[in-house]
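The values are calculated or read from the model by the stated rules, or taken from the named source; none is laboratory data. Not measured: the values here are computed from a predicted model. We place every Cβ from the backbone using ideal geometry, glycine too, and count neighbours over all the protein chains shown. To get the accessible areas, we keep the full protein, side chains included, count just its heavy atoms, and leave off ligands, DNA and RNA. Shrake-Rupley method; radii C 1.70, N 1.55, O 1.52, S 1.80 Å.
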2 protein chains.
Amino acid sequence: MAGRKQNSTYTRNEVCIIDCDLTYAVHKLGGRWKLLILDKLCKKKMRFNEIKKEFSYISERMLTLQLRALEEDGLIIRTVFAEVPPRVEYELTEMAFELGPILKQLSDWGGKQRSSVKKD
Amino acid sequence: MAGRKQNSTYTRNEVCIIDCDLTYAVHKLGGRWKLLILDKLCKKKMRFNEIKKEFSYISERMLTLQLRALEEDGLIIRTVFAEVPPRVEYELTEMAFELGPILKQLSDWGGKQRSSVKKD
DNA sequence: TATGGTACTAACAAAAAAGTAACTAATGGC
DNA sequence: GCCATTAGTTACTTTTTTGTTAGTACCATA
């Protein structure tokens, strides 16, 4: 998400793992709050503080980091209005909207998996 | 993946994040090597060293950890044969196979996303 | 002049995940 | 007795990720 060492095994492994489209995709969605943010933005465009209020425990730093990463990956668009106090709006891109149905299936699977694990 | 502190914000946040079936699911698949392992096991059951050879840079420790986590989450089955030297086989569960088509879509999306980001 | 609101940033600390290296048990073959 | 083999384990270090706290700019309003 931010500056990485270039020659750690961690990074070398990542390079070859990210080669796979699937792990690449999961990596892009893997930040702690990213999917939750995408889920909120699915319904409407929102301002920074609006998003923040949705998640009681997220820190401003984390929210900023996740939003920046999503923006960099072309999943959200950030629009700054030249007002005081500042107003910044976030909304999903087409690419992010396409993810919707896939995530729905994954979510359903998650529910199923969760209950099947609980049973044993 | 192993013993967590109970009262860190990290853990408190996780509790509420995991409440969502989607983030729960991604969490289960989020280990560095998990999806790659599942992908290999999709084709055939494999022994520990066989899997290891598929990934030049994975350490035995990491492979063990990821396999154990997958087993615990009901995604793979581990069968130990009482032989010397030991033989252990890993194979997917039904639950894991159901994931196949979803991951395929996610992978396609990943490919698309990757090329769209590269362009800019 | 002081205060408040928005959307952050910087410096730092804590926690988790991933990686390294050395070691283990059991037994068959030399 | 010594070595090789398989599937690990253990203790430790490194790297990344997440969280904490305090502070910023801008102007409007009290």
*What dipole magnitude, in Debye to the nearest 20, does the protein assembly as shown give about its Cα centre under +1 on Lys/Arg Cβ and -1 on Asp/Glu Cβ?*
500 debye
*Which residue of chain A is nearest the rotation axis onto chain B, counting by its Cβ, and what is the distance in whole Å?*
A:Gly30, 3
*Within a Gaussian network of chain B (alpha carbon springs, distance under 10 Å), most fluctuating of B:Leu63, B:Leu41, B:Leu22*: B:Leu22
*Could you tell me what percent of the accessible area of the protein assembly as shown is made up of carbon and sulfur, with a 1.4 Å probe and every protein chain present?*
53 percent
_Using only the alpha-carbon atoms, what does chain A span along each of its principal axes? Please give whole angstrom values in decreasing order._
53, 42, 28
*asked:* Can you compute the helix-only [θ] at 222 nm over the protein assembly as shown? Use -39500 (n - 2.57) per DSSP H run of at least 4 residues, normalise by all residues, nearest 500 deg cm²/dmol.
replied: -19500 deg cm²/dmol
_Cross-link candidates for A:Lys43: which lysines have Cα within less than 24 Å, leaving aside residues fewer than 8 places away along the same chain?_
A:Lys28, A:Lys34, A:Lys52, A:Lys53, A:Lys104, B:Lys112
*List the chymotrypsin sites (Phe, Trp or Tyr not before Pro) within the stretch A:37-83 that fall in a DSSP loop (any state other than H, G, I, E or B) and whose Cβ has at most 16 other Cβ atoms within 10 Å.*
A:Tyr57
_Other-copy label distances relative to A:Arg61, 7 angstrom Cα-Cβ extension, nm_ = 2.7
*Any chance you could look up the accessible area of B:Asp39 with a 1.4 Å probe, heavy atoms only, rounded to 10 Å²?*
70 Å²
*For chain A, modelled as a GNM with alpha-carbon contacts under 10 angstrom, which of A:Lys53, A:Lys45, A:Lys28 fluctuates the most?*
A:Lys53
*Under a 10 Å cutoff between Cα atoms, tell me which one of B:Gly110, B:Gly31, B:Gly100 has the largest fluctuation in the Gaussian network model of chain B.*
B:Gly110
*Please tell me the relative contact order of chain A in percent, rounded to the nearest whole number, where contacts are Cα pairs under 8 Å and at least six residues apart.*
21 percent
*Give the accessible surface of chain B per residue, rounded to a whole number of Å², with probe radius 1.4 Å and ligands, DNA and RNA excluded.*
58 Å²
*Between the stretch B:22-39 and the stretch B:46-120, what is the C-alpha centre distance in whole Å?*
9 Å
*Could you size up the charge dipole of chain B around its Cα centre, putting +1 on the beta carbon of Lys and Arg and -1 on that of Asp and Glu, and report it in debye to the nearest 20?*
520 debye
*Report the label-to-label distance for B:Val15 and B:Arg47 in nanometres (one decimal), using points 7 Å from each Cα along the Cα→Cβ vector.*
4.5 nm
*Which distance in nm do the two modelled labels at B:Thr79 and A:Asp108 give, with both placed 7 Å along the Cα-to-Cβ direction?*
3.1 nm
*Pairwise burial A:B, computed as accessible area of each alone minus the pair, summed, 1.4 Å, Å²*: 4300 Å²
